[in-house]
Every structure is written in structure tokens, then in C-alpha cells.
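K.L.:
Have a look at the structure that comes next, please.
The values are calculated or read from the model by the stated rules, or taken from the named source; none is laboratory data. Bear in mind that the values here come from a model prediction, so they are computed numbers and not experimental data. Heads up, the Cβs are rebuilt from the backbone with ideal geometry, glycines too, and the neighbour counts pull from every protein chain shown. The area values use the complete protein model at the heavy-atom level, side chains included, leaving out ligands, DNA and RNA. Shrake-Rupley method; radii C 1.70, N 1.55, O 1.52, S 1.80 Å.
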Amino acid sequence: MLKITFLGHACFLLDDGETKVLTDPYLSGNPLAAVSPDEVEADYIFVSHGHGDHIGDAPEIATRCGAAVGGSVEMTGAMFGKSGIETIPGNIGGRTELPFGSVKLVPAIHGSGVPGALACGFVFEIGGKRVYFAGDTALTKDMELLEYDMIDVALLPIGDVYTMGPEDAARAAWMIRPGMVIPMHYGTFPIIEQTADRFVDYMQDLAAGIPVKVLAPGESLTL
Ligand code: NI
Ligand code: MN
């Protein structure tokens, strides 16, 4: 069983009934966030890169919950190395086994916000499912390799300007061939203002047969 809850922007809570995995918890700065940082519970927090809309409230939540923070070794070192927070450092292409399953760091084409670090995405194995969390990224040919990971759910940015827009995100879905796509990283601020409607249209044109589930902040899906 896996319950996926969208908390806004690029923040998702993955819950297998025992373990809660949180991604990019940008909550207090996000007027559309479904919860405040002091309401969310997490055992693990994974941060795709060092930009403020991804690090977000990770330090405060990790400290309050005693959660470990995972991400690239350079990012976790720079952002959390002196905090006393437990880290799970990795690097692109590497998988780490964890009590809930595993996490693999995968390429993302994006600035990392930390000198010497790479931005990344994650493939999580949790609750018997594989979830690809893209982080912030451009469309890249590397995404074709994700087909081998047999992704059940792909969480893809569609907001344009800083990441893939709706058309490229639909092309990414076609390369990845996931069981389902959930869009993220749109509508949060004026510069990425849009609904998911254009993405849904492009999916019909460019990735026919791959279902799209649009979650409003606070909505969940159980697989
Ligand atoms: Ni970013
Ligand atoms: Mn971002």
C-alpha cells in the first residue's frame, strides 16, 4: 500500500502505513501549501537540490520529527552537515537501501543552488511501488533510462520557466512510461502560474494511454 499526498509545489508525503517519506518541503513560504511545517510528520525527508523552494522547511521539520535528510552528498553536507540532523548522502546513479525500501538518485538538469553539487531526482521503492520524483529538471534524454526502473508513478514538474513546461513534461512521460503521472511545480508563484489543463491536453496528444492524476494541495491517492 502506498498513499501519496500532495502538499503543494514539489512537496509530497509518501506513506506506506509505517514510514512517512517527505519530498522538498516548501511549506511556510508557499501560500498554497496544504499544511504548515509544524503539522507535518516525517521519518525521512528527501531534498532534490538547494533552492529555497525545495529545501524549504526541511531543517525545522527534520529537527522536530527526528527525521533523516537525504540528497546529494554535497547538498546534504553543505545544508545539513553542521546541524546535527542525520543525513543520507548519495550521488547520481546510486541506490541506498533503507528500512522502508530504497532510494536511487537520478539525473536532473537544473542548478543545484550549492557550489559543487548536482541537482537530482529520486526513484523511491516504498509500499511495493516505484515512484519517480523528478525534482526540478529539463526534459532530458536520460529519462528514457527510467523505463527500466518500471515506474508506477511519476511526479513531474510542469510549470515552465525554471523547469519543464507542459509539453516537455508530456514528452518526458512518454519516455518514462510510468503507470501514472502526477504534475507538480506549477501555479505556486506568478511566474509559473498555470493550471494543469494544458499538461493534460499534451498528455493526450503526446503520451496517450498514460493516466494523469491532478492533485490539489491536500489531496491524496492510495495505490
Ligand atoms: Ni530549483
Ligand atoms: Mn523549484
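K.L.:
Leaving out ligands and nucleic acids, note down the accessible area per residue over the chain with a 1.4 angstrom probe, in whole Å².
P.N.:
Result: 41 Å² per residue.
K.L.:
Here is a follow-up. Could you tell me what % of all Cα pairs in segment 1-118 have separations over 20 Å?
P.N.:
Considering segment 1-118, 37 percent of its Cα-Cα pairs are separated by more than 20 Å.
K.L.:
Taking the Cβ of SER102 as the center, what net charge do the other residues with Cβ under 10 Å away carry, scoring Lys and Arg +1 and Asp and Glu -1?
P.N.:
My count for the surroundings of SER102 gives +1.
K.L.:
Tell me, in nm to one decimal, what length is gained between GLU39 and ASP197 on full extension, where the rule is 0.36 nm per residue of separation less the Cα-Cα distance?
P.N.:
Result for the pair: 53.9 nm of gain on full extension.
K.L.:
Relative to a virtual label point 7 Å from the Cα of VAL214 in the Cα→beta-carbon direction, which members of segment 134-157 show backbone nitrogen distances below 17 Å?
P.N.:
Zone members listed by number: 155-157.
K.L.:
Now, a different point. Need the list of lysines near LYS141 for cross-linking: C-alpha distance under 30 angstrom, and skip anything on the same chain fewer than eight residues off.
P.N.:
Of all the lysines, those that pass the test against LYS141 - Cα under 30 Å, at least 8 places apart if same chain - are LYS3, LYS104, LYS129, LYS213.
K.L.:
Continuing with the same structure: Based on Cα positions only, what radius of gyration and what Dmax would you give for the chain, in angstroms?
P.N.:
My reading of the Cα-based Rg and Dmax gives 15.7, 49 Å.
K.L.:
For segment 63-208, with only Lys/Arg (+1) and Asp/Glu (-1) charged at the beta-carbon, what is the dipole magnitude about the Cα centre, in debye rounded to 20?
P.N.:
460
K.L.:
Please give the contour-minus-distance gain from MET150 to PHE189: 0.36 nm per residue of separation, less the Cα-Cα distance, rounded to one decimal in nm.
P.N.:
Taking 0.36 nm per residue and subtracting the Cα distance, the gain is 10.8 nm.
K.L.:
Using modelled backbone amide H atoms (1.01 Å from N, in-plane), which distant-in-sequence or interchain residues come within less than 5 Å of VAL181's amide H?
P.N.:
Here ALA154, VAL212, LYS213 satisfy the definition.
K.L.:
When the Cα centres of segment 39-59 and segment 151-223 are compared, how far apart do they sit, in Å?
P.N.:
Taking the Cα centre of each part, segment 39-59 and segment 151-223 sit 21 Å apart.
K.L.:
Compare the Cα positions of PRO25, ILE151, THR63 along the charge dipole of the chain (+1 at Cβ of Lys, Arg; -1 at Cβ of Asp, Glu; about the Cα centre) and return the one farthest towards the positive end.
P.N.:
Value computed over the given set: ILE151.
K.L.:
Near HIS54, within a Cβ-to-Cβ distance under 13 Å, what is the net charge of the other residues, with Lys and Arg +1 and Asp and Glu -1?
P.N.:
Within the 13 Å Cβ shell, the charges total -4.
K.L.:
At 1.4 Å probe size, with the rest of the protein present, what percent of the exposed accessible area of segment 3-222 is carbon and sulfur atoms?
P.N.:
In segment 3-222, the share of accessible area belonging to carbon and sulfur is 50 percent.
K.L.:
Additional query: Hey, what's the per residue convex hull volume over the C-alpha atoms of segment 97-165, in cubic angstrom?
P.N.:
Spread over its residues, the Cα hull of segment 97-165 gives 99 Å³ apiece.
K.L.:
Okay, next question. Net charge near THR195: determine it from the other residues with C-beta under 14 Å of the C-beta of THR195, scoring Lys and Arg +1 and Asp and Glu -1.
P.N.:
Residues close to THR195 contribute a combined charge of -3.
K.L.:
Hey, another quick one. Report the full-extension gain for the segment ASP16 to ASN91: residue separation times 0.36 nm, less the Cα-Cα distance, to one decimal in nm.
P.N.:
Result for the pair: 24.5 nm of gain on full extension.
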